[in-house]
Amino acid sequence: MATQILSRRSDILFDRPFPTRLGLAELSLNINVGDPGLYFADNTTSPSTGLIKVGPTFIGSNPPNTPAVGYTSLSKGESWLDTSSTYIHRLFDGSSWQTPKAVASIGNGKPVSPTNGQLHYDKLIPGLFIYDSSVSAWTSV
């Protein structure tokens, strides 16, 4: 007779396991199409054990795990494609979201939520601009 091995699993959106409840090398799955992922605990001693997410980049206008259902923290190295303005790729560094540089976009008018150093080609003017957060303005290139 075959033995079926089941991991911890959920189909609830943003339901992440608590890492202190996972055994050594135990995996947990979330199969909800809105934020699927494979999770495991890192080797930090409890109660500071962290959760590692292996899975696709989250796509949406709000950060992943918002609102959190289970474990509320994010995973270091987790990625998010922010669709709130222009499509901006963001990475979680363990404490906050970081935006890789060399962000470029094209469209009619300027983006609503630009990032410092972002290049944008405005098809209405037309022209190439760069955003300078120190003065909160777009400058023609």
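The values are calculated or read from the model by the stated rules, or taken from the named source; none is laboratory data. Keep in mind that this is a model prediction, so the values were computed, not measured. So basically every Cβ, Gly included, is an ideal-geometry build from the backbone, and we count neighbours across all protein chains shown.
Below are the figures for this structure:
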item: Residues being more than 16 Å from residue 73 (Cα to Cα), within 17 Å of the chain's Cα centre (by Cα) and part of a strand (DSSP E or B) - total across region 23-43; result: 0
item: Conditions (1) out of contact with any helix residue (DSSP H, G or I) (no Cβ under 9 Å at 6 or more places or on another chain); (2) free of Cβ contacts under 8 Å to residues at least 40 places away in the same chain; (3) assigned to a loop (DSSP other than H, G, I, E, B): number failed by residue 20; result: (3)
item: Which listed residue is touching a helix residue (DSSP H, G or I) at 6+ places or on another chain (Cβ under 6 Å), surrounded by fewer than 14 Cβ atoms within 10 Å (Cβ to Cβ) and either among the basic types (Lys, Arg) or part of a loop (DSSP other than H, G, I, E, B) (or both), from 46, 95, 84; result: 46
item: Selection count, region 49-81, where residues are surrounded by fewer than 15 Cβ atoms within 10 Å (Cβ to Cβ) and of a type in the set (Lys, Arg); result: 0
item: Residue within region 51-58 that is touching a His at 6+ places or on another chain (Cβ under 9 Å) and in contact (Cβ under 8 Å) with a residue 24 or more places away in the chain present; result: yes
item: Checklist (1) within 18 Å of residue 91 (Cβ to Cβ); (2) touching a Gly at 6+ places or on another chain (Cβ under 9 Å) applied to residue 61, failing item; result: (2)
item: Hits in region 98-123 - residues which are surrounded by 14 or more Cβ atoms within 10 Å (Cβ to Cβ) and either outside any loop (DSSP other than H, G, I, E, B) or among the aromatic types (Phe, Trp, Tyr) (or both); result: 105, 119, 120, 121, 122
item: Selection status of residue 110, closer than 30 Å to residue 137 by Cα, modelled with pLDDT under 90 and among the charged types (D, E, K, R); result: no
